[in-house]
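Notes to accompany the following structure.
The values are calculated or read from the model by the stated rules, or taken from the named source; none is laboratory data. Since the structure is predicted, the reported quantities are computational estimates derived from the model, not experimental observations. Virtual Cβ from ideal backbone geometry, glycine too; neighbours counted across all protein chains shown. Note: accessible area is taken over every heavy atom of the protein model, side chains too, but ligands, DNA and RNA are not part of it. Shrake-Rupley method; radii C 1.70, N 1.55, O 1.52, S 1.80 Å.
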Amino acid sequence: MPRPSLVNGPVWKALIYLSAPMTLGIFAVLSVGIADAYFLGQVSEEALAAVGFIYPVTTALTSLSIGLSAGANAAISQAIGRDDGEARIARMSLHGLGLGLALSASVALVFYLVHPWLFGLMGARDAVLTEIKAYVPYWTLSFPLLVGLMVTNALFRAHGSAALASLFMILGAVINLGLNPLLIFGYGTIPALGTEGAALATLIGRGIAVIAAVGFAVRAGYLKRCGALSKDLAHSIKRVTEVGAPAAFSNAVNPAGMALVTAAVSRLGDAAIAGFGAATRVQSIALVVLFALSSGIGPLVGQNWGAGEKDRARVAVLQSWLFCAIYGLALGAVLFIFADPIAKTIATQSDAAAYTAQYFRVVGWSIFGYGIVVTANAAMNARSKALHSMSVSIGRTFAIYLPCAWIGVIMFGFTGILGAAVLANVLGAVLAIIACRQTGLTPRIRRAPGLVWS
């Protein structure tokens, strides 16, 4: 079983090695959301508004899979760093995958049963709610497949094989993107399914990707039976869930808060919802590099912490923050300059596009702060300090973003929503830095000055 070492050599090279391939994979996955918004925006404003409601909720649920994969990554990468043995690592991988599939099936069923009430509570009405009900069934079926793919990819990354994880993410996204226009608009004997077609394309793409990923993991020896499956089961579940449970909650906090912020935006009408939803999708694409960085820092911190190379883990955190600051400010400048053409491309209705452009010009400058939050949380999860990362997410979303958004929309309209987003990003970064200091993840530069750029 190949195990590229992450405990030797320059830290920055290891970060690039882990993060660069994931940039393509995450970009491919997030581009599906952009494609949904683009194609459904051509169907009707109601279809685009429906995606605006759906996106934060499904992202919250998707974050559960990210949390489980964080738990699997932390447990397996630390086990590799400690050299726990191939058999035990393989069993832990199988246990993590089984746990993810079981939990995701339960969550999917509950979501399907409550979704009409949930979206109605968020403010979806009439034709918009009808579009949502067409999307949810196929998406619900695809959710366990997504979780299986995420946990399998976490296994690849824990072993240092980020390129494999990226490959299967790209495979699922390419199939989804190819089927999107065909199923949404129809062709020949294929009927135009509209919003329902977008969800069906997602189901097919995820299904093929997870079958390919699991098949490769079994063939390559990442997933294999080593003795009785029940052996070490309690230990594996404990190790995965002690990080995975709070990490899942932590990752779900931001999109759940976004769902409640979306409810605040709905006070301004369907055009505001459509514009806000389009802006958050483009923002997700812009954040791809930072998401990739957060996915790379997890196994790097995990392996080094498990191996006792704690200074290397701390340096990785500092270097990731410096990159977030440089990239984030450059990104803010690009979004400010090109706000109008980008907005008109993704939101074809002029009223919605105006809201989208306004979001770019204001919130774009604070994206660096959100990058610091996600990388810090990934590092703390890999350090098995998921309760600290959960506290950062809760503080950013429910103590800052959500109350400020509701107060802001009442007092200042859409501008108040934007101000709340900026405050959440900047103050969230401050909370993340404090939490990393408390968990021992900030570099001791005076004790090891030469290590910072090694």
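Which residues, counting only those in the range 302-320, are assigned to a helix (DSSP H, G or I), hydrophobic (A, V, I, L, M, F, W, C) and open to solvent by 30 Å² or more (accessible area, probe 1.4 Å)?
Listed by number, the residues that qualify are Trp305, Leu318.
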* To do: Sort out which residues of the range 199-215 are more than 14 Å from Val174 (Cβ to Cβ), open to solvent by 40 Å² or more (accessible area, probe 1.4 Å) and either touching a helix residue (DSSP H, G or I) at 6+ places or on another chain (Cβ under 6 Å) or in contact (Cβ under 8 Å) with a residue 24 or more places away in the chain (or both), and write them in order of number.
  => Val214
* Search result, residues across the range 242-279 that are part of a helix (DSSP H, G or I), open to solvent by 10 Å² or more (accessible area, probe 1.4 Å) and modelled with pLDDT of 80 or more -> Leu260, Ala263, Ser266, Arg267, Leu268, Ala271
* Which condition breaks for Phe412 when tested against (1) over 27 Å from Ala354 (Cα atoms); (2) free of Cβ contacts under 8 Å to residues at least 12 places away in the same chain? -> (1)
* Asked: From the list Ser106, Ser93, which one is in a helix (DSSP H, G or I), among the polar types (S, T, N, Q) and open to solvent by less than 20 Å² (accessible area, probe 1.4 Å)?
  -> Ser93
* Structure fact -> Taking first residues from the range 304-329 that are of a type in the set (Asp, Glu) and second residues anywhere that are part of a helix (DSSP H, G or I), the pairs with Cβ under 7 Å that are 6 or more apart or on different chains are Asp311/Leu451
* From the residues in the range 280-296 that are hydrophobic (A, V, I, L, M, F, W, C), at pLDDT below 85 and in a helix (DSSP H, G or I), which one is surrounded by the fewest Cβ atoms within 10 Å (Cβ to Cβ)? -> Ile285
* Within the range 50-57, is there a residue that is within 23 Å of Ile297 (Cα to Cα) and assigned to a helix (DSSP H, G or I)? -> no
* To do: Report, by residue number, each residue of the range 187-205 that is out of contact with any Phe, Trp or Tyr (no Cβ under 7 Å at 6 or more places or on another chain) and either in a helix (DSSP H, G or I) or within 21 Å of Ala49 (Cα to Cα) (or both).
  => Leu193, Gly194, Gly197, Ala201, Ile204, Gly205
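Which of the residues spanning the range 179-192 are open to solvent by 50 Å² or more (accessible area, probe 1.4 Å) and free of Cβ contacts under 8 Å to residues at least 24 places away in the same chain?
Once the filter is applied, which keeps residues that are open to solvent by 50 Å² or more (accessible area, probe 1.4 Å) and free of Cβ contacts under 8 Å to residues at least 24 places away in the same chain, the range 179-192 yields Leu182, Tyr187, Gly188, Thr189, Ile190, Pro191, Ala192.
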* To do: Go through the range 36-72 and give me each residue that's open to solvent by 10 Å² or more (accessible area, probe 1.4 Å), among the aliphatic types (A, V, I, L, M) and over 21 Å from Arg267 (Cα atoms).
  => Val43, Ala60, Leu61, Leu64, Ile66, Leu68, Ala70
* Asked: Has the range 391-405 got at least one residue that is at pLDDT below 90 and outside any helix (DSSP H, G or I)?
  -> no
* **Residue, surrounded by the fewest Cβ atoms within 10 Å (Cβ to Cβ), within the range 121-136, restricted to residues that are more than 15 Å from Glu45 (Cα to Cα) and at pLDDT 85 or above** => Lys133
